[in-house]
Amino acid sequence: MVRVFFSAGLRNLTGGAANIEVEAGTVKRLLAELDARYPGMAERLSEGTAVAINGEIINDALYEPIPDGAEVHFLEALKGG
Amino acid sequence: MTIADDPATTLPGYKWVGTRPIRPDGFDKVTGRARFGADLTLAGMLEGAVLRSPHAHARIVSIDTTKALALPGVKAIVTGADFPEPAGNPTDQDMCRNAMAREKVLYEGHVVAAVAATSKRIARKALDAIEVQYEVLPHVMTVDEAMAPGAVLLHDGMITKGMDPAPTEPSNVASRVVYQRGELDKGFADADVIVERTFTTKPVHQGYIEPHAAVADTTPDGRSTVWCSSQGHFAMRAYSAKVLGWDPSRLKVIPAEIGGGFGGKTTIYLEPLAVRLSQKAGRPVRMVMDRDEVFMATGPASASKVTIKMGANKAGEITAAELWMAYEAGAYPGSAIGAGSMTALAPYNIPHFIIEGFDVVVNKPRVYSYRAPGAPQSAFAVESVVDELAHKLGIDPIDFRLQNAVEEGMQAPYGPKYQKIGFKETLEAIKHHPHYSAPLGPNQGRGVAAGFWFNAGMNSSAVVHINEDGNATVVTGSPDIGGSRASMALMAAEELGIDYNRVRPVVADTEQVGFNDVTGGSRVTLATGAAVVDACRKVIADLRARAAKTWDVPVEQVEWVDGQAQHVDGSQPPLSLAAIAKGWARTGGPISAAATLNARGVGAGFSTQLVDVEVDPETGHTSVVRYTTAQDAGRAIHPSYVEGQLQGGVVQGIGWALNEEYIYNADGKMDNPSFLDYRIPVASDLPMIDAVIVEVPNPGHPYGVRGVGEVGIVPPLAAVANAVAAATHRRFTDLPLSPPRVLDGILNGTEES
């Protein structure tokens with residue numbers, strides 16, 4: 001199980017839930033699971049979103065493995081200068 | 001004795017990492033041999049020029065190029081009709097329309113047409129002969145104007161993203177972001193002192209000395225070679241291809257040296273225009289911006305408006321914060337409001353907060369990245385209020401920050417928990433620096449501020465070749481804007497165990513090395529450096545195998561030590577890299593290895609800065625008299641170039657704080673598009689910036705590297721403003737702190753204790 005946290009901007013899709021536990025070994029499976037629970041979530045997170053797994057921010061994380069017990073956050077993808 | 005042999009400058013365990021050799025590109029740059037974007041000349045080359053909108057907002061009714069094309073020497077003209085309908089995602093489409101206007105112009109300087117002629121003079125004459133009919137529209141120039149009910153719309157169909165429920169009517173607000181924690185009312189109820197203020201900043205430009213420049217040579221086979229100065233030639237290839245409607249592989253982009261970028265050269269302006277003009281003319285075309293074009297038509301940092309309310313208790317704990325932030329995006333959506341919101345409170349562990357941010361389009365050039373994009377504006381507000389809270393509570397401003405500072409394992413305001421970070425170490429470095437206890441003179445004040453930036457990883461490729469003389473060539477695709485050639489060579493020398501001067505780092509074009517993301521996000525030493533390290537380790541594995549073959553022993557019996565293969569029991573005479581290279585034909589052929597990665601292990605950066613200013617009470621002029629910056633570099637691969645990054649960020653931040661601003665008139669036109677009227681700090685304006693490198697190694701990188709290029713610009717806005725407040729006993733909330741504004745505050749402002 002991994003714990004997924006939702007920023008305030010995503011909570012309109014989760015019915016206000018700030019975090020949930022999900023069974024998912026990769027980001028791709030996690031997105032599928034979230035979309036099944038909260039229709040529209042995968043589309044919302046499909047573009048311009050980075051994923052933080054146990055504090056490490058990863059761009060283009062679709063196939064990234066998620067270790068059991070990890071904390072997962074979705075963030076706006078960033079540009080640097 | 002070389003610097004590397006000096007124990008005072010050599011890190012334990014390292015021979016090269018942490019030393020200060022001369023940069024490989026140094027000789028060319030100081031002798032004028034380095035070739036920048038405008039330096040290339042090709043046989044038969046034409047000169048290009050761009051026709052730009054004179055209006056802040058207008059509909060293009062018609063464009064007639066007949067007279068211009070008839071001028072002797074004019075070889076080609078392009079307009080929006082010469083480019084395909086913008087495609088791809090909305091950001092891509094906006095980029096295409098920003099590169100060449102279609103139905104509307106959205107800011108003064110927006111591209112309307114471009115000309116190629118046999119001389120620049122003729123090209124400019126042709127611009128005057130192009131007849132454009134405009135229907136001038138009202139304009140909006142600030143977030144207040146753009147967000148007002150009934151405001152003129154830049155984009156008719158733009159519905160604000162991030163609102164719940166979604167609006168039914170379009171507006172100039174492209175998106176809204178929210179970050180939230182705890183119960184705000186409870187947090188403010190717990191506070192003994194609350195400060196609430198509104199802060200504003202103006203658009204500021206990166207101020208790179210080299211204007212944008214590109215040469216394109218498009219050939220009849222439908223391919224084009226582009227030489228340009230940028231922070232990432234692979235990005236130039238990809239973005240130009242989108243504007244042209246081409247596959248990227250039809251373009252070969254060769255990186256010129258770059259005379260400054262700071263984020264502003266991570267996108268395209270001239271490149272696709274030059275390609276299309278060259279295609280139409282059948283000859284190479286060079287295009288070089290003038291300085292006024294750089295100001296009016298390339299992407300500055302956002303102007304901002306931030307209202308902040310922050311509370312703390314008598315024990316010195318920040319209990320709550322509420323931020324409302326609006327950033328100007330310019331003509332198209334895409335300000336750094338997200339990063340500004342995420343970084344605003346990042347240095348502090350605050351139990352209750354809400355941050356609400358808005359991305360707002362206005363009739364100004366589309367903003368673009370500038371060192372830690374979005375962070376300086378919000379830090380100006382936060383760090384000013386933190387300073388004021390500390391003052392009201394009677395707590396030393398560094399102790400106040402230390403008490404509330406984030407550390408490893410704490411949850412960042414943008415969500416995840418911090419990994420290994422060095423914020424407190426930077427605070428301690430400033431607190432214990434002699435500067436902090438030095439006496440101040442008359443009319444002088446001292447300010448402190450802190451800042452955070454994520455840093456980045458992204459994609460990099462590297463190849464390491466061993467030459468037949470045992471020297472190494474390190475090939476990457478990351479333009480060198482801050483000494484990264486030296487850093488790559490140092491890490492390769494450390495890995496291979498050879499002298500730094502035996503490593504030649506090369507920045508290769510888009511056909512000679514694998515993809516590299518832009519040199520931005522403070523990522524190159526970390527990410528491209530990691531690729532170089534990976535490639536070197538593959539080379540070393542190969543070298544060990546070749547030594548094993550030579551000795552007829554299992555490879556497990558071969559170690560790589562100090563640049564040579566050694567048998568574990570010393571039964572064989574060591575084989576140097578040069579010896580193995582000399583015999584490579586007998587052991588398997590040339591020695592080379594490549595590595596590619598999407599970098600992991602990014603380490604966040606913090607900076608704490610201390611400044612003394614002196615304010616002339618009669619003129620309002622502010623002089624920076626002493627400045628010290630402490631920044632966590634993780635590990636400084638080349639300390640001199642790290643110090644240069646720290647100092648450069650500070651200087652640009654001082655300019656943002658004291659002088660720099662785009663000034664627009666009532667017609668929405670920029671009044672100061674030159675370095676005479678847009679005043680960046682020069683060396684004679686400033687004292688030496690004392691750079692203190694703090695090293696809390698990043699466990700995610702082989703040498704502990706964090707990025708260093710960006711976070712240094714985050715604290716200066718507030719640090720300077722806090723120092724001016726201390727000197728004048730007046731709190732200033734609008735930048736820049738130019739003499740008229742400060743004098744007005746002194747004469748008419750409210751004195752604070």
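Only one entry in B:Ala297, B:Ala312 is open to solvent by less than 10 Å² (accessible area, probe 1.4 Å) and more than 30 Å from B:Asn349 (Cβ to Cβ), namely B:Ala297. For the range A:23-47, filtering for residues that are touching a residue at least 40 places away in the same chain (Cβ under 8 Å) and assigned to a loop (DSSP other than H, G, I, E, B) leaves 2. When every residue of the range B:113-131 is checked against the conditions, none turns out to be within 14 Å of chain A (Cβ to nearest Cβ) and over 21 Å from B:Lys242 (Cβ atoms). In this structure, B:Tyr348 does not satisfy being out of contact with any Leu (no Cβ under 6 Å at 6 or more places or on another chain), within 14 Å of chain A (Cβ to nearest Cβ) and touching a residue at least 24 places away in the same chain (Cβ under 8 Å).
In this structure, does B:Phe234 turn out to be touching a residue at least 60 places away in the same chain (Cβ under 8 Å), among the hydrophobic types (A, V, I, L, M, F, W, C), open to solvent by less than 10 Å² (accessible area, probe 1.4 Å) and away from chain A (no Cβ under 14 Å)? Taking the combined requirement at face value, the residue satisfies it. Applying the criterion of being among the hydrophobic types (A, V, I, L, M, F, W, C) and assigned to a loop (DSSP other than H, G, I, E, B) to the residues of the range B:704-726, the residue that is farthest from the other protein chains (Cβ to nearest Cβ) is B:Val705.
Restricting the first residue to the range B:652-677 and requiring it to be of a type in the set (Lys, Arg), which pairs with a second residue that is at pLDDT below 95 meet a Cβ separation below 7 Å and a spacing of at least six or different chains? From the range B:652-677, no pairs qualify. Taken over the range B:152-183, residues that are within 14 Å of chain A (Cβ to nearest Cβ), in contact (Cβ under 8 Å) with a residue 60 or more places away in the chain and open to solvent by 40 Å² or more (accessible area, probe 1.4 Å) amount to 5. For the range A:8-29, check the following and say yes or no: at least one residue is open to solvent by 30 Å² or more (accessible area, probe 1.4 Å), within 19 Å of A:Ala77 (Cα to Cα) and more than 14 Å from chain B (Cβ to nearest Cβ). Checking the range A:8-29: at least one residue is open to solvent by 30 Å² or more (accessible area, probe 1.4 Å), within 19 Å of A:Ala77 (Cα to Cα) and more than 14 Å from chain B (Cβ to nearest Cβ).
Filtering B:Leu610, B:Leu597, B:Leu575 for residues that are open to solvent by 10 Å² or more (accessible area, probe 1.4 Å) and under 24 Å from the mean Cα position of the chain (by Cα) leaves a single hit, B:Leu597. The lone criterion from (1) buried (at least 21 other Cβ atoms within 10 Å of the Cβ); (2) in a loop (DSSP other than H, G, I, E, B) left unmet by B:Met95 is number (2).
If you go through the range B:619-670 and keep only what is small (Gly, Ala, Ser) and in a loop (DSSP other than H, G, I, E, B), you end up with B:Gly620, B:Ala633, B:Gly634, B:Ala636, B:Ala666, B:Gly668. Residues in the range B:691-707: is at least one more than 16 Å from B:Gly422 (Cβ to Cβ), at pLDDT 95 or above and out of contact with any Asp or Glu (no Cβ under 7 Å at 6 or more places or on another chain)? No, that holds for no residue. The residues on offer are B:Ala581, B:Ala595, and the sole one that is touching a residue at least 40 places away in the same chain (Cβ under 8 Å), part of a helix (DSSP H, G or I) and of a type outside the set (Lys, Arg) is B:Ala581. All conditions in (1) open to solvent by less than 30 Å² (accessible area, probe 1.4 Å); (2) more than 31 Å from the chain's Cα centre (by Cα) hold for B:Val140, with the sole exception of (2).
The rows are residues; the columns are (1) over 22 Å from B:Tyr368 (Cβ atoms); (2) assigned to a loop (DSSP other than H, G, I, E, B).
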site: B:Lys186; (1), (2): yes, no
site: B:Arg197; (1), (2): yes, no
site: B:Gln206; (1), (2): no, yes
site: B:Ser240; (1), (2): no, no
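Residues in the range B:237-253 that are open to solvent by 40 Å² or more (accessible area, probe 1.4 Å), away from every other protein chain (no Cβ under 14 Å) and not basic (Lys, Arg): 4 in all.
The helices (runs of 4 or more DSSP H) located wholly in the range B:392-484 that include 2 or more residues which are farther than 26 Å from B:Asp534 by Cα, away from every other protein chain (no Cβ under 12 Å) and open to solvent by less than 20 Å² (accessible area, probe 1.4 Å) occupy B:397-404, B:423-431.
Look at B:Gly745 and say whether it is within 14 Å of another protein chain (Cβ to nearest Cβ) and open to solvent by less than 50 Å² (accessible area, probe 1.4 Å). No.
Examine the range B:598-606 for a residue that is away from chain A (no Cβ under 14 Å) and not in a strand (DSSP E or B), and state whether such a residue exists. Looking for residues that are away from chain A (no Cβ under 14 Å) and not in a strand (DSSP E or B), one finds none in the range B:598-606, hence no. Take the conditions outside any helix (DSSP H, G or I), closer than 25 Å to B:Pro673 by Cα and at pLDDT 95 or above and apply them to B:Pro170. Does it pass? When the stated conditions are applied, B:Pro170 does not pass them.
In a residue-by-residue description of the range B:541-562, the property of being open to solvent by less than 10 Å² (accessible area, probe 1.4 Å), touching a residue at least 40 places away in the same chain (Cβ under 8 Å) and within 36 Å of the chain's Cα centre (by Cα) applies to no position. Which count do you get for residues in the range A:48-81 that are within 7 Å of another protein chain (Cβ to nearest Cβ), in a loop (DSSP other than H, G, I, E, B) and closer than 22 Å to B:Arg176 by Cβ? Here the count works out to 2.
Could you say which residue among B:Ala535, B:Ala581, B:Ala593, B:Ala548 is touching a Cys at 6+ places or on another chain (Cβ under 8 Å) and farther than 30 Å from B:Leu427 by Cβ? Working first, answer last.
On the way: B:Ala535 fails: touching a Cys at 6+ places or on another chain (Cβ under 8 Å); B:Ala581 fails: touching a Cys at 6+ places or on another chain (Cβ under 8 Å); B:Ala548 fails: touching a Cys at 6+ places or on another chain (Cβ under 8 Å).
The match here is B:Ala593.
The values are calculated or read from the model by the stated rules, or taken from the named source; none is laboratory data. This one's a predicted model, so the numbers in the text were calculated from it and none came from an experiment. Please note: Cβ atoms are built from the backbone with ideal geometry, for glycine as well, and neighbour counts cover all protein chains shown. Please note that ligands, DNA and RNA were not included when accessible areas were found on the heavy atoms of the full protein model with its side chains. Shrake-Rupley method; radii C 1.70, N 1.55, O 1.52, S 1.80 Å.
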